[in-house]
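Enquirer: Below: one structure in structure tokens.
The values are calculated or read from the model by the stated rules, or taken from the named source; none is laboratory data. Please read all numbers here as calculations on a predicted model, not as lab measurements. In this analysis, Cβ positions are derived from the backbone assuming ideal geometry, glycine residues included, and neighbour counts consider all displayed protein chains. SASA here: full protein model, heavy atoms, side chains in, ligands and nucleic acids out. Shrake-Rupley method; radii C 1.70, N 1.55, O 1.52, S 1.80 Å.
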Amino acid sequence: MADPKSFQLSSDIHDYLVAHGSPPDDIERALIEETVSLGAISRMQIAPEQGAFLRIVTRLIGTRHAVEVGTFTGYSALCIARGLVDGGRLLCCDVSEEWTSIGRRHWQRAGVADRIELRIAPAVETLAALPMGATIDLAFIDADKPNYVNYYEALVPRMRRDGLILVDNVLWSGTVVDPDANDENVTAIRAFNDHLAADPRVEAVMVPVSDGLTLARVR
């Protein structure tokens, strides 16, 4: 990506970072390029190094049941699906048929479409309809910021012990520490960050991957 999404990285450092990890393969690259062609909205897509990170973490914790809140064009879902154990499943929550249709084509090309269930509906409703009980191994939240606390609260009681919740955009381009930034999104992100940091049910770390990524292990 010519304009690196990673937080406070120069273009040169971003290129070096991606080149020295596992780079996107041809299918992932095609999906990235098609998303970029959408224009400015493509900034909603996670960065390449974040995709590799998701895939590795998914595999490391032996994920069989995963949930994604906010799928966009399907790159993060593709990476998570590729990290699932044999027989693993990923539930994707989104409201856009248009954007997720791009992902569906690339999931099919990658041979992981049978691992992914996509539900087009408000994610709050989809999550509320899931059975209670500790069955989810990994969850990834990357959707509308004002609902972050709602998504998180719906997921925590459904996570297994030592399950992992990953939350994107928690630094919001650094504006979380800018006292003059008070729009709806940054205000919601700050509220969510404070909410999670005070939650005794999880052990958490915030890392400057891409636009800021929080990892919360459910105790």
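Enquirer: Only one of these conditions is not met by residue 205: (1) under 16 Å from the mean Cα position of the chain (by Cα); (2) closer than 30 Å to residue 102 by Cα. Which number is it?
Expert: The one condition residue 205 does not meet is (2).
Enquirer: When you look at residue 150, is it surrounded by fewer than 22 Cβ atoms within 10 Å (Cβ to Cβ), in contact with a Leu (Cβ under 9 Å, 6 or more places away or on another chain) and either among the aliphatic types (A, V, I, L, M) or within 27 Å of residue 63 (Cα to Cα) (or both), yes or no?
Expert: In short, yes.
Enquirer: Let me ask something additional. Given the criterion closer than 18 Å to residue 8 by Cα, open to solvent by 20 Å² or more (accessible area, probe 1.4 Å) and among the charged types (D, E, K, R), identify the matching residue among 162, 144, 178.
Expert: Only one candidate qualifies: 178.
Enquirer: Count, please, the residues in the stretch 63-116 that happen to be over 25 Å from residue 23 (Cβ atoms), open to solvent by 40 Å² or more (accessible area, probe 1.4 Å) and of a type in the set (S, T, N, Q).
Expert: 1
Enquirer: What pairs come out if I take residues in the stretch 119-146 that are under 12 Å from residue 71 (Cβ atoms) and pair them with residues that are open to solvent by 30 Å² or more (accessible area, probe 1.4 Å) and of a type in the set (D, E, K, R) whose C-beta lies under 6 Å away, six or more apart or interchain?
Expert: Going by the 6 Å Cβ cut-off, the qualifying pairs are 120/97; 126/119.
Enquirer: Answer with yes or no whether residue 55 is part of a helix (DSSP H, G or I), charged (D, E, K, R), over 27 Å from residue 172 (Cα atoms) and in contact (Cβ under 8 Å) with a residue 12 or more places away in the chain.
Expert: No; evaluated as a whole, the condition is false for this residue.
Enquirer: In addition: Take the residues in the stretch 33-52 that are in a loop (DSSP other than H, G, I, E, B) and open to solvent by less than 30 Å² (accessible area, probe 1.4 Å); name whichever of them is farthest from residue 146 (Cα to Cα).
Expert: The selected residue is 47.
Enquirer: Quick check on the stretch 75-96. Is at least one of its residues free of Cβ contacts under 8 Å to residues at least 24 places away in the same chain, more than 14 Å from residue 27 (Cα to Cα), out of contact with any strand residue (DSSP E or B) (no Cβ under 9 Å at 6 or more places or on another chain) and outside any loop (DSSP other than H, G, I, E, B)?
Expert: Within the stretch 75-96 (the criterion being free of Cβ contacts under 8 Å to residues at least 24 places away in the same chain, more than 14 Å from residue 27 (Cα to Cα), out of contact with any strand residue (DSSP E or B) (no Cβ under 9 Å at 6 or more places or on another chain) and outside any loop (DSSP other than H, G, I, E, B)), the answer is no, since none of the residues qualifies.
Enquirer: Would it be correct to say that residue 207 is at negative phi, out of contact with any helix residue (DSSP H, G or I) (no Cβ under 6 Å at 6 or more places or on another chain) and surrounded by fewer than 22 Cβ atoms within 10 Å (Cβ to Cβ)?
Expert: For residue 207, the condition - at negative phi, out of contact with any helix residue (DSSP H, G or I) (no Cβ under 6 Å at 6 or more places or on another chain) and surrounded by fewer than 22 Cβ atoms within 10 Å (Cβ to Cβ) - is met.
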